[in-house]
């Protein structure tokens with residue numbers, strides 16, 4: 001069993017466990033990811049094995065604030081957005097990304113895997129729609 005430094009706070013503990021190759025499960029709070037990750041879902045976060053891609057659902061940190069949102073754009077920064085939110089988050093640096101969401105178990109017991117090829121295609125479509133629908137709202 002590994003010991004982690006409790007002084008680092010929650011995101012520090014998550015980062016350390018993921019950097020050591022461990023998967024981490026957390027209970028998600030809030031509704032920013034809509035029906036994909038309802039409030040009180042258990043989210044399994046795995047070490048990320050590639051640079052974040054559009055459509056991926058990732059865990060990211062800003063200080064002690066943990067975000068579990070979808071990647072909607074990648075340039076010099078990573079741009080995240082909750083599926084149920086109208087706007088993107090402030091851009092993240094690559095080192096702010098803690099890991100990739102591998103699996104979601106909802107409070108009703110449904111389990112959704114996000115680490116499959118079909119989930120990647122669906123995630124990419126959701127990212128496109130999320131950004132496009134926001135632009136369409138501006139036209140009204």
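The values are calculated or read from the model by the stated rules, or taken from the named source; none is laboratory data. Bear in mind that the values here come from a model prediction, so they are computed numbers and not experimental data. Here the Cβ positions follow ideal geometry from the backbone for every residue, glycine too, while neighbour counts run over all protein chains shown.
Worth a mention:
- Selection count, the stretch 108-140, where residues are at pLDDT 85 or above and in a helix (DSSP H, G or I): 13
- Of the residues making up the stretch 88-97, those that are touching a strand residue (DSSP E or B) at 6+ places or on another chain (Cβ under 7 Å), over 18 Å from residue 133 (Cα atoms) and part of a loop (DSSP other than H, G, I, E, B) number 1.
- The sole residue among 120, 100, 84, 127 that is surrounded by 13 or more Cβ atoms within 10 Å (Cβ to Cβ), farther than 21 Å from residue 14 by Cα and in contact with a strand residue (DSSP E or B) (Cβ under 8 Å, 6 or more places away or on another chain) is 127.
- Every listed requirement among (1) surrounded by 11 or more Cβ atoms within 10 Å (Cβ to Cβ); (2) in contact with a helix residue (DSSP H, G or I) (Cβ under 8 Å, 6 or more places away or on another chain); (3) touching a residue at least 12 places away in the same chain (Cβ under 8 Å); (4) farther than 20 Å from residue 126 by Cβ is met by residue 13 save one, (3).
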